[in-house]
1. Within region 242-295, work out how many residues are more than 16 Å from the chain's Cα centre (by Cα) and not in a helix (DSSP H, G or I).
2. Any idea how many residues of region 35-63 are within 20 Å of PHE382 (Cβ to Cβ), more than 21 Å from the chain's Cα centre (by Cα) and part of a helix (DSSP H, G or I)?
3. Taking only region 105-147 into account, find how many residues are among the charged types (D, E, K, R) and at positive phi.
4. Take region 131-153 and flag every residue that is assigned to a loop (DSSP other than H, G, I, E, B) and surrounded by fewer than 24 Cβ atoms within 10 Å (Cβ to Cβ).
5. Of all the residues that make up region 321-341, how many are in a loop (DSSP other than H, G, I, E, B) and crowded, with 16+ Cβ neighbours inside 10 Å?
6. When the residues of region 292-348 are narrowed to those that are charged (D, E, K, R) and touching a Gly at 6+ places or on another chain (Cβ under 9 Å), which ends up farthest from ASN258 (Cα to Cα)?
7. Can you list residue pairs whose Cβ atoms sit under 6 Å apart, with the first residue in region 292-306 being touching a residue at least 60 places away in the same chain (Cβ under 8 Å) and the second being surrounded by 10 or more Cβ atoms within 10 Å (Cβ to Cβ) and part of a loop (DSSP other than H, G, I, E, B)? Count only pairs 6 or more apart in sequence or on different chains.
8. Which of the residues belonging to region 364-391 are within 30 Å of ALA330 (Cβ to Cβ) and either in a loop (DSSP other than H, G, I, E, B) or outside the structural domain of LEU134 (by TED's automatic domain parsing) (or both)?
Amino acid sequence: METFYTLALITGILVAFVLLVLIATYHDSFKIETSDVDQPLKLRLYHYTFTLVEILAMKLESLGILEEHVFMRLIADGLPAFRDSKLFTKDLRFDEVPVRIYLPRAPSESKRRGVIFFHGGCGMFGSIRTDERLCQYIARESDSVVVSVGYRLSPEFKYPAQSLDCLTATGHFLKTADDYGVDPNRIIVCGFSVGGTFTAYVCQELLNRKDIPKICAQVLICPFLQALNLQLPSYQKNAFTAILSQKRLARFILKYLNKDCSMAEALLAGSHVPESMNLKYRKWINPDLIPEALKLGYKPPLPTSFLPQVHEEIKELWETRFSPLLAEDAVVCHLPDACIITCEHDVLRDDGLLYKKRLEDNNIKVTWYNVEGGFHCSLGFFAYGIFSFPSSNKIANHILNFIKCY
């Protein structure tokens, strides 16, 4: 009898898994696009795994067992990295914000460069552990002191706690750089995805601070920079790209802000934007500003009705800490040199391109790389051996080469 129950349990688990696979296939198999992406079969496998986990997480939340974001974090954190023998690694707090600092063990004749890193994860997922391999790589290969910031996550800590933590940690490091053998005039701020949002915001916010040194450069990797237009050419082209689709992005934006996800369709359609704001920001957020070679297949979206109640409910989208691309020229013209890395198959590609143009129009030096074959989460697979992608290494090397110039 005991054997019967064991077999029944195993059978039940297998049936449940098959059903989940069928559900994921039903939702995505005819829409997911992986052509021209690095190693498409591998990416498709990862995408279906992510989709299965997401479906399971939503089911667990609907049953009152476990909140969706808690379960998703188990995946987002990735596998723990081994400690690097060439680095000292310390967990500290900068004004109560958790950080992990990586210091090269080899002696240095002069003060080192410093790098502050903000991980991605839509403000809800990820941790110091998520990008540990990349932080080790930067510290080791560029002989830099790297500080990875473990900002608080939504929804437990409501927006804008995340960007404020990044601001606090950066200000602390700029003040105390000497304590870590770092030249305070050689500090670079770097971030991936929403970490790129925080990077742009921190650089803008600290411009007028007289009590701390200036940031010398910024690195924005696949950054999210605006929520006014989610129908730009890259959003349309990559609407069904693996991992981060257009609809999934809209849903994550609303979940990050603790808003009703039923507004996702209105957000995608642009119904949250009054005509006055469209006119005001058209000079900065406009598909006409994207190079023609990157607009193949683009179709201007159909006119949509403005929904005042949606606009009022998600008014945080207009804050520059959430949409740094909306900062005034008086701010942008004083920003540090920038490296902007975008990926060919990323809905957020055009956010990076539009920010690049803003910076260049204000005479800021910009280094830009568009990684062919890359997708939004390419960097998350860096240094995972056979589980990584060619674009993962390309992005990491672009970051490293830029940092070594400062």
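1. Summing the residues that are more than 16 Å from the chain's Cα centre (by Cα) and not in a helix (DSSP H, G or I) in region 242-295 gives 16.
2. Initial filter on region 35-63 (within 20 Å of PHE382 (Cβ to Cβ)): 37-47, 49-50.
From what is left, the residues that are more than 21 Å from the chain's Cα centre (by Cα) are 39-42, 45.
Retained after the next criterion (residues that are part of a helix (DSSP H, G or I)): 40-42, 45.
So the count comes out to 4.
3. To start, the set of residues in region 105-147 that are among the charged types (D, E, K, R) comprises 105, 109, 111-113, 129, 131-133, 140-141, 143.
With at positive phi added as a condition, the list becomes 143.
Within region 105-147, residues that are among the charged types (D, E, K, R) and at positive phi number 1.
4. If we filter region 131-153 for residues that are assigned to a loop (DSSP other than H, G, I, E, B), which is where we start, we get 131, 143, 150-153.
Of everything in region 131-153, those that are assigned to a loop (DSSP other than H, G, I, E, B) and surrounded by fewer than 24 Cβ atoms within 10 Å (Cβ to Cβ) turn out to be ASP143, GLY150, ARG152, LEU153.
5. Taking region 321-341 first, the residues in a loop (DSSP other than H, G, I, E, B) are 321-323, 327-328, 333-336.
From what is left, the residues that are crowded, with 16+ Cβ neighbours inside 10 Å are 321-323, 327, 335-336.
Number of matching residues: 6.
6. Here is the first cut: in region 292-348, the ones charged (D, E, K, R) are 292, 295, 299, 312-313, 315-316, 319, 321, 328-329, 337, 344, 346.
Among the residues that remain, those that are also touching a Gly at 6+ places or on another chain (Cβ under 9 Å) are: 344, 346.
Working: GLU344: 30, ASP346: 24 Å.
Among them, the one singled out is GLU344.
7. Pairs found: PRO301/GLN231.
8. Within region 364-391, the subset within 30 Å of ALA330 (Cβ to Cβ) is 364-370.
Passing the criteria: ILE364, LYS365.
The values are calculated or read from the model by the stated rules, or taken from the named source; none is laboratory data. Given the structure is predicted, the values throughout are model-derived calculations rather than measurements. Note that we place each Cβ from the backbone using ideal geometry, even for glycine, and neighbour counts take in every protein chain shown.
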